[in-house]
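In what follows, a single structure is set out as structure tokens and then discussed.
The values are calculated or read from the model by the stated rules, or taken from the named source; none is laboratory data. Everything numeric here is computed off the predicted structure, so don't read it as measured data. Backbone-built Cβ (ideal geometry, glycine too); neighbour counts: all protein chains shown. Protein only, heavy atoms only, side chains kept; ligands, DNA and RNA dropped before computing areas. Shrake-Rupley method; radii C 1.70, N 1.55, O 1.52, S 1.80 Å.
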Amino acid sequence: MAAAVWTERGRRAVTAVGTVTRASHSAVRAQYDALVIGGGHNGLVAAAYLQRGGVKTAVLERRHVLGGAAVSEEIFPGFHFSRCSYLLSLLRPHISADLELKKHGLKVYMRDPHAFTPMLEEGVRGAPPRSLTLGSDLAMNLQEIGKFSQKDAKAFPEFVAHLEKLAGAIHPLLDAPPVDIPGVTAGSLSKRLTAAKTLMPIVRCGLKLGRNIPDFYEIITAPIMKILNRWFESEPLRATLATDAVIGAMTSPSNPGSGYVLLHHVMGELEKEKGAWGYVEGGMGGVSKAIASSARSYGADIFTEKDVEQVLVGSDGAAKGVVLKDGTEIHSKVVLSNATPYVTFKNLTPQGSLSPEFIKAVDQIDYTSPVTKINVAVDKLPNFLACPTPDGKPGPHHQCSIHLNCESVEVLETAYKDAMNGRPSARPMLEMTIPSVLDPTLAPPGCHVVSLFTQFTPYHIEGREWTDQDREAFADLAFDWVERYAPGFKRSVVGRDVLAPPDLERIFGLTGGNIFHGSMSLDQLYLARPLPSLSDYRSPIKGLYLCGSGCHPGGGVMGSSGWNAALTVMADLKRS
């Protein structure tokens with residue numbers, strides 16, 4: 001079968017798994033209490049909570065499919081992909097419970113084991129190359145790590161417990177807006193006492209940490225290699241753990257702040273299992289479908305192919321609704337934007353309504369992205385030299401995040417340096433996932449969908465735009481590396497969809513191609529996310545709010561930004 005190449009321009013018909021082109025059969029009203037721009041998961045969560053609280057709400061999504069980055073699309077006939085985001089973990093449990101997402105169709109396949117790092121090496125005495133597999137079975141983990149270092153095997157359980165304690169302490173901060181600094185420091189005594197309640201999540205965080213506060217401070221500020229070098233000596237283990245410190249971030253394991261990115265990726269949970277990640281049945285669009293179904297059950301109106309041109313700002317300087325690109329005006333008491341802060345304030349907001357100083361601050365938000373996502377349709381399962389499966393049946397390692405070109409930290413560092421010099425990595429870091437080994441709904445019998453989340457690729461290649469030839473050349477390079485670990489992979493490819501940083505921006509609205517709606521660096525977290533003046537979800541324009549991943553607690557923490565924003569909006573509406 002000849003391989004097909006997907007391009008968004010001149011695209012063939014695309015269907016969205018489990019979603020509908022128009023999520024509401026009713027027409028758009030002329031007036032709502034609240035309008036949500038963008039049908040990503042945070043926007044849908046905000047709409048569900050607002051409508052649940054009696055605020056008549058509509059969601060306006062510009063694409064033909066709901067979900068933002070959490071979408072499922074049939075790119076090639078019979079092959080259904082999580083086209084952008086591809087794993088679930090950081091969906092907050094209380095949101096899933098409140099919105100009854102399982103009742104609304106959410107089904108998750110748990111992965112165990114969850115990490116597989118094969119080596120590129122010659123086997124000894126006819127044995128296959130070594131590999132490192134990690135999962136929930138502690139005895140198996142120690143055996144696997146012991147292949148490389150008995151010392152590391154002994155240290156690993158204590159390291160995991162230490163990391164879990166630090167990550168668990170963050171949870172109170174995820175489920176509440178940042179501290180109300182103006183409220184605590186100014187105003188009447190009664191207002192200060194009310195604002196002081198916003199200090200409680202930090203207090204709970206501190207109490208959970210206890211004597212580990214210095215360790216917490218270190219891990220969120222230090223290079224992750226400073227931490228890993230203290231605990232471990234074997235390169236495969238250090239490199240495997242370091243991948244979680246750089247995934248989605250234009251940083252290296254040796255850069256300060258990479259420790260927080262690791263913590264960010266281990267603080268989630270799935271089915272009450274800490275740090276677990278899973279595959280959503282039907283792809284990541286299944287999450288968005290369930291949230292949308294919940295929101296509709298409360299009475300929210302949800303529309304696709306409603307492209308917002310601009311937020312309407314009245315003569316009093318307050319948001320009054322939106323105007324669509326077809327000229328339709330829809331009025332509302334408040335507007336919530338699930339777009340990135342850059343898109344919200346540079347593209348959707350009248351520039352005359354914002355101060356030059358504010359616009360300048362928005363321009364300084366970092367959206368640098370290292371990611372090119374490659375979605376691949378294959379007619380047979382990859383067969384890895386390090387763990388052969390010649391019968392074509394999935395092994396436990398096939399359900400994992402498969403880390404390629406991750407044998408050593410030096411490989412990751414070199415890949416990062418290539419991108420910082422304006423070039424795609426010559427030996428890119430590749431995270432491969434094959435969700436169809438657990439979810440048979442994604443591909444035809446005997447076939448599979450493969451996700452390659454690759455780093456590091458710059459937004460511009462040596463100062464110029466990406467071309468189709470650049471995309472195909474990088475995909476060919478990535479496939480060449482996969483081929484070295486799993487011979488025959490290239491022959492199995494029947495189609496591929498290559499999304500460089502500019503494509504992630506153009507298709508999904510991810511400014512700079514950044515999957516987190518803004519870098520998760522220390523200067524863009526908590527009280528400073530996305531800016532110190534915007535950390536409470538309110539904008540300089542009265543009635544206009546942010547509800548996307550660009551605000552606290554940030555990308556990946558599914559639904560929390562939308563939930564926190566909805567609570568803020570409802571509190572403001574109650575006071576007005």
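Here are some notes:
- Each label was represented as a point 7 Å from its Cα along the Cα-to-Cβ direction; for L138 and D523 these points are 4.2 nm apart.
- Once the C-beta distance of S576 and T185 is scaled by a Förster radius of 22 Å, the resulting FRET efficiency is 0.40 to the nearest 0.05.
- Computed on region 309-445, with alpha-carbon pairs under 8 angstrom and 6+ residues apart, the relative contact order is 14 percent.
- Ligands, DNA and RNA left out, the 1.4 Å accessible surface of the chain is 55% carbon and sulfur atoms.
- Taking other residues whose beta carbon is less than 12 angstrom from the beta carbon of T221, and scoring Lys, Arg as +1 and Asp, Glu as -1, yields -2.
- The relative contact order of the chain, computed from alpha carbon pairs under 8 Å that lie at least 6 residues apart in sequence, is 23 percent.
- Maximal additional length on extending the E462-I359 stretch stands at 34.3 nm, based on 0.36 nm per residue less the C-alpha distance.
- Dipole in debye (nearest 20) - region 215-287, about Cα centre, beta carbon charges: Lys, Arg +1; Asp, Glu -1: 200 debye
- Here the Kirkwood formula, the inverse mean of 1/r across different C-alpha pairs, assigns region 364-440 a hydrodynamic radius of 14.8 Å.
- Label positions at V160 and K103, each projected 7 Å from the Cα along the C-beta direction, are separated by 3.5 nm.
- Computed E for E472/A196 - FRET, C-beta separation, R0 41 angstrom, nearest 0.05: 0.10
- Working from Cα pairs under 8 Å separated by at least six residues, relative contact order for region 289-331 is 26 percent.
- Dividing the summed -39500 (n - 2.57) terms of all DSSP H runs of n ≥ 4 by the residue count of the chain sets its mean residue ellipticity at 222 nm at -10000 deg cm²/dmol.
- Each principal axis of the Cα cloud of region 293-357 was evaluated for its coordinate range; sorted largest first, these ranges are 42, 24, 22 Å.
- Each Lys and Arg Cβ is given +1 and each Asp and Glu Cβ -1; about its Cα centre, region 155-298 then shows a dipole of about 640 debye.
- Modelled label positions at A27 and A318, each set 7 Å beyond Cα in the direction of Cβ, lie 2.8 nm from each other.
- Debye log10 I(q)/I(0) for region 235-343, one point scatterer per Cα, at q = 0.15 Å⁻¹: -0.93
- Spatial separation of Cα centroids for region 414-439 and region 512-531, in angstrom: 22 Å
- Cα centroid separation, region 135-168 to region 542-576 (Å): 37 Å
- Relative to the longest principal axis of the Cα atoms of the chain, helix 200-209 runs at roughly 20 degrees.
- Extension gain, H64-L120: 0.36 nm per intervening residue step, less the Cα-Cα distance, totals 15.9 nm.
- Full extension of the chain segment joining I507 with K147 gains 125.2 nm, where the gain is 0.36 nm per residue of separation less the Cα-Cα distance.
- Under 21 Å from the Cα of K107 - lysines, other chains or at least 8 residues apart: K272, K274, K289
- For the chain, with +1 on Lys and Arg beta carbons and -1 on Asp and Glu, the positive-most of L193, N229, Y279 along the dipole: L193
- Computed from Cα positions, the angle between helix 235-246 and the longest principal axis of the chain comes to roughly 20 degrees.
- Solvent-accessible area per residue for the chain (1.4 angstrom probe, square angstrom): 39 Å²
- When only the Cβ of Lys, Arg, Asp and Glu is charged (+1, +1, -1, -1), the dipole of the chain relative to its Cα centre reaches about 1400 debye.
- Distant alpha-carbon pairs in the chain (separation over 37 angstrom), percent: 30 percent
- Selection among H460, G43, T243 by position relative to the dipole of the chain gives G43 as farthest towards the positive end (Cβ unit charges, Cα centre).
- Toward the positive end of the charge dipole of the chain, with +1 on the Cβ of Lys and Arg and -1 on the Cβ of Asp and Glu, the farthest Cα among A58, S355, C387 is that of A58.
- A Förster distance of 51 Å, applied to the separation of the beta-carbon atoms of I213 and T389, puts the FRET efficiency at 0.65.
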